[in-house]
Each structure stands twice: as C-alpha cells, then as structure tokens.
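For reference, the structure discussed in these notes is given below.
Since every read-out is calculated from the coordinates, none of them should be taken as a lab result. Keep in mind the model is a prediction, meaning the values are calculated, not measured.
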Amino acid sequence: MAGRFGAVEHRVLRLDLSQFGGSALTDRAIAVPTGGAQPGIPATYVPARNTILLSLALAWAEVLGAQHLFVGANAVDYSGYPDCRPEYLRAFEAMANLATKAAVEGRRIEVRAPLLELPKAEIVKLALRLGVQPAETVSCYQSAADGRACGACDACRIRKAGFAAAGIADPTRYL
C-alpha cells in the first residue's frame, strides 16, 4: 500500500515489545478491555511505544535527510495515552533537535501529527478523499490472523463510531 502513495521505500523492522510486556497489547496475561473507555491510562497503553517508534523513525529520517516525522496520534487517543498528547510530541521534537547530527548542522526535524485534532469521522472522510481504502486498514487490538477485527475492543468501537458519525458504511471485516 505504501507504494501506491508514493513511498520510495518501505522497510519492516522486527521489534518484539512482548519482551517487556506491561500492556494488554504486548502481554497475553493482560486482557484487552472490551467494556468501553475507563478513567485513567488504558490497559492498552504500551510503555514508551511512541517514543520507541518515533526514535526509530528519527534514525531513518536522519539517514535519508528527511526533516519531517509523521505520527498518527489523535485527540481521542491522547485523553488516555500520555505519548499521544501535543506536549509529548513537542517534547520529542525538541529532543530530536538536540540529539541528532542533522539538527546540530542546521537541518531541524519537525514532528507532525496531522490527525491530532480531527474527530474520527473527519479522519474517515479524509482517508477516503486521499484514496485510502479503509477495508485495507486494521485498527483492532486483537484482530484474527486473517485480519478480521474483533468488533468489541475500544479500537473497534471507536472505528465503528467514526464511520457512523461520518455517515459512511464501515467496510471493516469483523468476526
């Protein structure tokens, strides 16, 4: 799919965060919640996930000479996930501009989160305008091996609500 949008190269890095656990998404002993949003940081928070992923993206961006990192953090997420908040993204950008050769040599790095303030319905509409096929994407926290979504986890419920609010049929394959 990346090539369809003009990506010159797509790399897959194998990273096993189950070595640390601490999250319903990385530790089989912690159940994925299906009862709706609860106060506090959700059990699906993965410790330092965006820091790890942005750090890897930063390293690759520096090698490529890229000056922008894009992250899909969203306002719905940052109410519970500390690494999806605008202040976190600003802090990461500041760190990137202290810790890289590129920035020291005057090529500043920017962290961009174009979905940060968009309601899920607007993200659905934007995806369709940009030619993204939502049926080819997965949001589910516990999807089946064949890509079908559970339909019950928070990510599935938020996705369903986004399509409903947009007035667009949800093409997701649910179990």
Next item on the list: Please list, or write none, the lysines whose alpha carbon is within less than 24 Å of the alpha carbon of LYS160, excluding same-chain residues fewer than 8 places away.
Entry: LYS120, LYS125
Next item on the list: Go ahead and estimate [θ] at 222 nm for the chain from helices alone: -39,500 (n - 2.57) per DSSP H run with n ≥ 4, summed, over the residue count, rounded to 500.
Entry: -10500 deg cm²/dmol
Note to self: Could you tell me how many cubic angstrom of Cα convex hull volume segment 43-167 has per residue?
What the structure shows: 128
Check: So what is the relative contact order of segment 1-99, in percent, for Cα pairs below 8 Å that sit 6 or more residues apart?
Finding: 18
Check: Expressed as a rounded percentage, what relative contact order does the chain have, with Cα pairs under 8 Å and six or more residues apart?
Finding: 18
Checklist line | segment 1-107 - Debye-derived log10 I(q)/I(0), Cα point model, q = 0.12, 0.19, 0.20 Å⁻¹ | finding: -0.53, -1.12, -1.17
